[in-house]
Amino acid sequence: MRPFLMRLALGLCALTGLLCQSSSRLRADLDFLTSDALAGRLSLTPQAEIAARYIAADFQKTGLLPANYGSYLQEFPLIAYRSDPNARQLLLTRKGASKAFRAGSDFTGSFHRDIDIRGALVFAGYGITAPEYRYDDYAGLDEAGKIVLIFDHEPQEDDPQSVWNGTGHTLHAGRWTKLANARRHGAIGVLIASEPGRQHPGLLEAPRATGAGQSLRASAPP
């Protein structure tokens, strides 16, 4: 059986070239792409261009065929913007009394265009709808046309016996998943707060990339 397995492995290597990449080669690629020299490979930077060309060249050496009209690269429209922290405001009004929150110290977030969102606020737990776990934070809520306030991450994330992948995470913990879910429920805005009892940096404490933000144009394909 061994000779057959060896011939099979060699045949697969000859066909794809992918299964025979050595761990040292893969480590070298990873070390380069995550090195300080590439400074995080932020979009619209020379380092991102270097990384893209490096990966494209590796695709070519491996023998992969380009799928984009003979090119390993694909262009897409991207908007670069830098938000003004002094122009960002968050104001909560209740029973005639208002409280203002400061950008950077009380909340974070930015938009690629000027926008004014006003609406009633409703608390929606963790903002998760998970039929597979028979769990829905939006059950019984009237959230359509309102701004929802939700917790970050997932419930029971410190419990190894939790249905939410124990102490790991499921896809429902992701912020983009939560935003998409809020949109499906008709919310016009989302505020995400650090969950109680957290064992990780909060939203304001976590390191964030500096410099310009980016957003895909609305006309760009999904």
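Residues in segment 51-88 that are of a type in the set (Lys, Arg), over 20 Å from the mean Cα position of the chain (by Cα) and under 30 Å from Arg102 (Cα atoms): Arg88 alone. Does Lys146 satisfy being surrounded by fewer than 13 Cβ atoms within 10 Å (Cβ to Cβ) and not hydrophobic (A, V, I, L, M, F, W, C)? So Lys146 does not fit the description; no.
Are any of the residues in segment 70-86 modelled with pLDDT under 85 and small (Gly, Ala, Ser)? Within segment 70-86 (the criterion being modelled with pLDDT under 85 and small (Gly, Ala, Ser)), the answer is yes, since at least one residue qualifies.
Okay, residues lined up against (1) in contact with a His (Cβ under 9 Å, 6 or more places away or on another chain); (2) surrounded by 10 or more Cβ atoms within 10 Å (Cβ to Cβ); (3) touching a residue at least 24 places away in the same chain (Cβ under 8 Å):
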position	(1), (2), (3)
Ala48	no, yes, no
Ala52	no, yes, no
Ala56	no, yes, no
Ala80	yes, yes, yes
Ala120	no, yes, yes
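Table: residues versus (1) closer than 13 Å to Leu191 by Cβ; (2) out of contact with any helix residue (DSSP H, G or I) (no Cβ under 6 Å at 6 or more places or on another chain); (3) in the same structural domain as Ser194 (by TED's automatic domain parsing).
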position	(1), (2), (3)
Leu92	yes, yes, yes
Gly96	no, yes, yes
Ala100	no, yes, yes
Gly104	no, no, yes
Thr108	yes, yes, yes
Arg113	no, yes, yes
Asp116	no, yes, yes
Gly119	yes, yes, yes
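Taking the conditions exactly as written (within 23 Å of Pro85 (Cα to Cα) and assigned by TED's automatic domain parsing to the domain that holds Val190), does Ile147 satisfy them or not? Here the answer is yes, as Ile147 does meet what is asked.
Looking only at segment 122-143, filter to residues that are buried (at least 16 other Cβ atoms within 10 Å of the Cβ) and of a type in the set (Phe, Trp, Tyr); which one of those is nearest to Lys178 (Cα to Cα)? If we take residues in segment 122-143 being buried (at least 16 other Cβ atoms within 10 Å of the Cβ) and of a type in the set (Phe, Trp, Tyr), then Tyr126 is nearest to Lys178 (Cα to Cα). With respect to Arg94, determine if the residue is surrounded by fewer than 14 Cβ atoms within 10 Å (Cβ to Cβ) and either modelled with pLDDT under 90 or not hydrophobic (A, V, I, L, M, F, W, C) (or both). Against the criterion (surrounded by fewer than 14 Cβ atoms within 10 Å (Cβ to Cβ) and either modelled with pLDDT under 90 or not hydrophobic (A, V, I, L, M, F, W, C) (or both)), Arg94 qualifies.
The values are calculated or read from the model by the stated rules, or taken from the named source; none is laboratory data. Model, not experiment: these values are computed from the prediction. Backbone-built Cβ (ideal geometry, glycine too); neighbour counts: all protein chains shown.
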